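S.K.: I have a structure I would like to understand better, so I am pasting it below and will then ask my questions one at a time.
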Amino acid sequence: MTVQLVIQAGGATDVGRRRAHNEDSLLARDDLGLYLVADGAGGHNAGEVASALCAHSIANYFGATVRSAHQSPEFDRFGIANGARRLSAAVLKANRDIVEISRSSQAHRGMGTTVVATYFSPRAGLMHLAHVGDSRCYRLRSGHLELLTKDHSLLTDVIEQRPELDDQRLSQLPKNVVTRALGMDGQLRVSMRSYAVVEGDRYLLCSDGLSKPVSAPTLAAALGRDEPAQHTATRLIELANDAGGPDNVTALVLHCQGGHTYALPADSVPPPPPDLFSGSSDMTPNHSDPELLILGIEDMDLAEGKESASDGLFKALGELIVSPARK
């Protein structure tokens with residue numbers, strides 16, 4: 001059953017107070033239900049090329065897959081949202097495009113970009129989210145602001161591996177380092193999720209030029225104002241610049257009209273049909289198999305003196321933390 005869902009979008013981007021040029025890009029395609037913010041980096045103004053190419057490539061992919069997406073069910077046979085898979089595939093295609101140009105053009109060598117992108121599916125009232133890097137997506141629902149993305153940053157990775165480190169050691173880590181970005185390598189991991197859209201939801205896609213200098217309470221207050229999305233986006237840019245404008249700043253605000261009256265997990269779908277495993281002996285469940293398999297554990301060599309991959313990572317992190325802080 002199709003859910004009546006209308007998106008009112010408003011976006012703005014600004015160079016900020018301390019940068020010479022703007023390397024951020026934003027895209028709002030109401031016809032595709034596609035919205036994104038990309039934050040580029042690289043020498044010789046190549047960052048703006050990377051972010052613009054990211055937006056262009058993702059839009060092209062969505063435009064080329066409209067028919068096949070319309071003919072596909074909302075969820076695949078494994079209970080995964082096809083819209084999220086499509087969005088992730090578009091980001092991966094953009095990454096390949098950026099890597100190809102970066103490797104073939106000396107002027108664009110080393111360029112890259114973060115991205116946060118959403119795709120709205122009206123027929124199911126779902127918002128699909130994909131992101132790479134530290135560009136963020138917030139949701140304001142019933143006055144409560146939630147961060148829906150998790151930064152792919154050096155700080156996040158270190159805390160996941162070494163939560164016991166004190167603040168003094170963490171402060172020695174290089175600042176503004178992302179561990180995932182389009183253009184870094186031909187292989188890329190894209191974080192993706194799907195969420196049910198509830199009547200009145202408001203979403204904010206932004207670069208770190210907004211999320212770093214402007215506090216979460218201030219963001220929530222701005223998003224909660226009774227004004228058009230475009231006015232809110234402009235207001236957020238002003239708030240970032242009033243806070244010093246340390247970086248390029250981009251805000252894309254999405255007001256949702258329609259949607260569900262209440263939210264359930266987006267993966268609340270029936271289990272895969274019984275015939276999923278039929279026709280192939282390789283996919284037939286074997287009830288003698290263990291209940292849980294941990295990838296790679298069967299290959300572990302527990303011989304004394306053997307160094308594991310995690311030991312190597314901890315050693316590298318230790319060397320980084322004890323080294324003098326990079327400016």
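The values are calculated or read from the model by the stated rules, or taken from the named source; none is laboratory data. Bear in mind that the values here come from a model prediction, so they are computed numbers and not experimental data. Heads up, the Cβs are rebuilt from the backbone with ideal geometry, glycines too, and the neighbour counts pull from every protein chain shown.
S.K.: One residue is enough: does region 113-121 have a residue meeting the conditions within 18 Å of residue 195 (Cα to Cα), among the small types (Gly, Ala, Ser) and in contact with an Asp or Glu (Cβ under 7 Å, 6 or more places away or on another chain)?
M.R.: There is at least one residue in region 113-121 that is within 18 Å of residue 195 (Cα to Cα), among the small types (Gly, Ala, Ser) and in contact with an Asp or Glu (Cβ under 7 Å, 6 or more places away or on another chain).
S.K.: Report, by residue number, each residue of region 3-26 that is polar (S, T, N, Q) and loosely packed, with under 14 Cβ neighbours inside 10 Å. Talk me through it step by step, then tell me what you get.
M.R.: Here is the first cut: in region 3-26, the ones polar (S, T, N, Q) are 4, 8, 13, 22, 25.
Matches in region 3-26: 4 only.
S.K.: Of all residues being closer than 24 Å to residue 121 by Cβ and among the small types (Gly, Ala, Ser) in region 215-236, which is surrounded by the fewest Cβ atoms within 10 Å (Cβ to Cβ)? Just the residue, please.
M.R.: So the residue we want is 229.
S.K.: With respect to residue 96, determine if the residue is part of a helix (DSSP H, G or I) and either touching an Asp or Glu at 6+ places or on another chain (Cβ under 9 Å) or without any contact (Cβ under 8 Å) to a residue 60 or more places away in the chain (or both).
M.R.: Criteria not met by residue 96.
S.K.: List the number of the failed condition for residue 8; all other conditions in (1) within 25 Å of residue 211 (Cα to Cα); (2) within 17 Å of the chain's Cα centre (by Cα); (3) modelled with pLDDT of 95 or more hold.
M.R.: For residue 8, the failing item is (2).
S.K.: Looking at region 225-246, which of its residues are small (Gly, Ala, Ser) and in contact with a strand residue (DSSP E or B) (Cβ under 6 Å, 6 or more places away or on another chain)?
M.R.: 229, 233, 240
S.K.: Would you point out which residue out of 257, 172, 230, 187 is at pLDDT 90 or above and part of a loop (DSSP other than H, G, I, E, B)?
M.R.: It is 187.
S.K.: Something else now. Restricting attention to region 190-214, and to residues there that are in contact with a Ser or Thr (Cβ under 8 Å, 6 or more places away or on another chain) and under 19 Å from residue 88 (Cβ atoms), which single residue is surrounded by the most Cβ atoms within 10 Å (Cβ to Cβ)?
M.R.: 205
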